[in-house]
Amino acid sequence: MEEDKVAGKVIQVLMSTYNGDEYLKEQIDSILAQDCEKKAGTKLKLLIRDDGSKDGTQKILGEYAKKYPETIEWYQGQNVGVIKSFFDLVVKSDEKADYYAFSDQDDYWHKDKLSAGITNIDKMSKEKDTKKNMPLLYCCSPMLVDENLKELNNEMTRKLKKPAFENAVVENIVTGCTLVMNKTLRDMAKAHQPEFTVMHDWWFYLLASCYGKVYYDMEQHISYRQHGSNTVGYNVSKTKEFKDRLKRFKRNRRNISRQLSEFVHIHEKYRKDTSCFKTTANNKVDDISQKNVAKSHEKETTVPLNEEILKSSSVKSKIVMAKRLAEYRGNIKYLPKRMTLVKEAGIYRQRKTDNRIFKLILILGSY
């Protein structure tokens, strides 16, 4: 049976919290109710990092960790923001796990959320063109809901073009709280972390689409709560949405080339130092009182990245494209090269309107 093949495995959920006591219990309860052990033979573990909360979040975390000591661990960190908080969780994550998933603090997971991710990653790993130790990423379409978990009308269910690096260089379609990854992708992200990225989930989309595979599940396995303090919201009128999207284009336009420059830089680190995938030393924790979080990591052995993938012509061409995109920004003298790049590289965004706007921005060099 297919389920027997993953029996005895572990998935570790990585949650970052900050002043999230209003919805936190509901989120944790939905994680504990996952059917991944029953349906996919995979045991659940939950590691939580608190980013310096001032409300009742830490009290709630302590209560849950005490009630479920075999499943839940948490530690307190300095306030570093959501991106660094999630990367710190990746560093502190359990190297013995087989799968990893990100979690926000205010959503509600459907019981098959993790089992869907595990099953699809397992299917990807068995495909004929999947190489050994290839990074694999699963994500799904989120169901947008209000504060009371009532479903909202939205366009998140629209059919997407196939995930690809040509999309990832200019757009992120991975909602972090829907993400499930295999160990190789986790090891890549842990080995060399970016100095800059627009968002942590975008970075994982870049990694997986460049070196491995991405599967986007149109079936919704998570209720993605929309409220005033949300990082990203979608429950707006079309006019407001268009204005907001233009603002985001203007706000992030230079960040895209900056992120690509960082990605090329990290690729060079992978290329020159593949030993980083073989062994890593113990990781220092934020709080010395939380030594148990890193206790099992003292002699960590990670899954080495397949050097055949790293040095493949496919990866080389992707890196060249990313490098040119970053280098050709701005100066008018690069206009002909930018126009050629836009035409030949196959770069695209998912929405037709976004695609037209962004191709214009690419030609103008304002990204």
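The values are calculated or read from the model by the stated rules, or taken from the named source; none is laboratory data. Remember, it's a predicted structure, so these values are computed and weren't measured experimentally. Counting neighbours? That spans all protein chains shown, and the Cβs are built from the backbone with ideal geometry, glycine included.
Some points to look at:
- Filtered residues of the stretch 175-210 (kept if closer than 23 Å to SER314 by Cα and in a strand (DSSP E or B)): MET181, ASN182
- Once the stretch 217-273 is narrowed to residues that are among the β-branched types (Val, Ile, Thr) and at pLDDT below 70, the residue that is surrounded by the most Cβ atoms within 10 Å (Cβ to Cβ) is VAL236.
- If the condition is being of a type in the set (S, T, N, Q) and at pLDDT 95 or above, then the stretch 123-140 contributes SER125, THR130.
- Pairs with Cβ under 6 Å, 6+ apart, first in the stretch 202-221 and of a type in the set (Val, Ile, Thr), second surrounded by 22 or more Cβ atoms within 10 Å (Cβ to Cβ): VAL214/LEU137; VAL214/ALA208
- Some residue of the stretch 126-144 being in a helix (DSSP H, G or I), more than 28 Å from GLY20 (Cβ to Cβ), among the acidic types (Asp, Glu) and out of contact with any strand residue (DSSP E or B) (no Cβ under 7 Å at 6 or more places or on another chain): no
- Residue in the stretch 171-194 that is within 30 Å of SER257 (Cβ to Cβ) and over 14 Å from the mean Cα position of the chain (by Cα) present: yes
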